[in-house]
1. One residue is enough: does the range 14-33 have a residue meeting the conditions surrounded by 15 or more Cβ atoms within 10 Å (Cβ to Cβ) and under 30 Å from Leu133 (Cβ atoms)?
2. Here is a check on your reading of the model: is Thr104 of a type in the set (Val, Ile, Thr) and buried (at least 20 other Cβ atoms within 10 Å of the Cβ)?
3. Residue under question is Phe52, and the condition is that it be out of contact with any Cys (no Cβ under 8 Å at 6 or more places or on another chain), more than 19 Å from Arg101 (Cα to Cα) and of a type in the set (Phe, Trp, Tyr); does it hold?
4. Answer yes if at least one residue in the range 83-91 is of a type outside the set (Asp, Glu), more than 15 Å from Met48 (Cβ to Cβ), at pLDDT 90 or above and under 17 Å from the mean Cα position of the chain (by Cα), and no otherwise.
5. Could you tell me which numbered condition Arg129 fails, if it satisfies all but one of (1) part of a helix (DSSP H, G or I); (2) loosely packed, with under 13 Cβ neighbours inside 10 Å?
6. In the range 22-123, which helices (runs of 4 or more DSSP H) lie fully inside it and hold 2 or more residues that are of a type in the set (D, E, K, R) and farther than 28 Å from Glu151 by Cβ?
7. Of (1) out of contact with any Ser or Thr (no Cβ under 7 Å at 6 or more places or on another chain); (2) of a type in the set (Val, Ile, Thr); (3) closer than 27 Å to Leu140 by Cβ; (4) at pLDDT below 95, Ile76 satisfies all except one. Which?
8. How many of the residues in the range 142-160 are β-branched (Val, Ile, Thr) and at pLDDT 75 or above?
Amino acid sequence: MTPPIKDLLPRLTPILKNRHEKVQENCIDLVGRIADRGAEFVPAREWMRICFELLEMLKAHKKGIRRATVNTFGYIAKAIGPQDVLATLLNNLKVQERQNRVCTTVAFAIVAETCSPFTVLPALMNEYRVPELNVQNGVLKSMSFLLSTLEKWARITYKP
């Protein structure tokens with residue numbers, strides 16, 4: 001492919017800051033597809049840099065942008081492993097903006113869906129001990145989303 005994916009991805013990150021919502025949404029979708037299908041061509045450090053850029057996209061007004069961002073977190077977690085992505089998301093639970101925290105909790109469920117729940121649950125349970133109300137509520141909401149996602153998955157997989 002021309003240009004190579006390892007060169008293409010750093011060029012996409014400034015486009016994430018474009019003010020046009022359709023451009024942002026399509027760029028985030030493209031980053032997610034690269035994370036899903038060509039993650040091995042990009043170093044983990046670059047993926048983490050993109051994770052921090054994507055945190056800003058959770059503040060978007062358009063629901064499609066937030067949905068694409070949350071799904072991209074799942075693809076990146078599958079690409080580089082969930083631990084670094086979880087650390088980034090756990091830090092994001094401490095922000096004041098409610099919309100940002102809610103999107104972060106949904107991102108936990110997506111990461112659990114793509115990387116198995118047993119990778120996410122210990123981190124969430126450990127973070128619940130933080131004596132900050134926003135963090136504790138975010139953890140509880142994350143576990144709620146995670147368990148509802150697991151319930152749907154179990155119904156599809158294990159039909160009685």
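1. no
2. yes
3. Spelling it out, it is not the case that Phe52 is out of contact with any Cys (no Cβ under 8 Å at 6 or more places or on another chain), more than 19 Å from Arg101 (Cα to Cα) and of a type in the set (Phe, Trp, Tyr).
4. For the range 83-91, residues of a type outside the set (Asp, Glu), more than 15 Å from Met48 (Cβ to Cβ), at pLDDT 90 or above and under 17 Å from the mean Cα position of the chain (by Cα): absent.
5. In the conditions (1) part of a helix (DSSP H, G or I); (2) loosely packed, with under 13 Cβ neighbours inside 10 Å, Arg129 misses (1) alone.
6. Because the criterion is at least 2 residues that are of a type in the set (D, E, K, R) and farther than 28 Å from Glu151 by Cβ, the helices (runs of 4 or more DSSP H) in the range 22-123 that meet it are 44-57.
7. Result: Ile76 fails condition (4) only.
8. 1
The values are calculated or read from the model by the stated rules, or taken from the named source; none is laboratory data. These numbers were taken from a predicted model, which means no experiment stands behind them. Neighbour counts run over all protein chains shown; Cβ positions are idealised from the backbone, glycine included.
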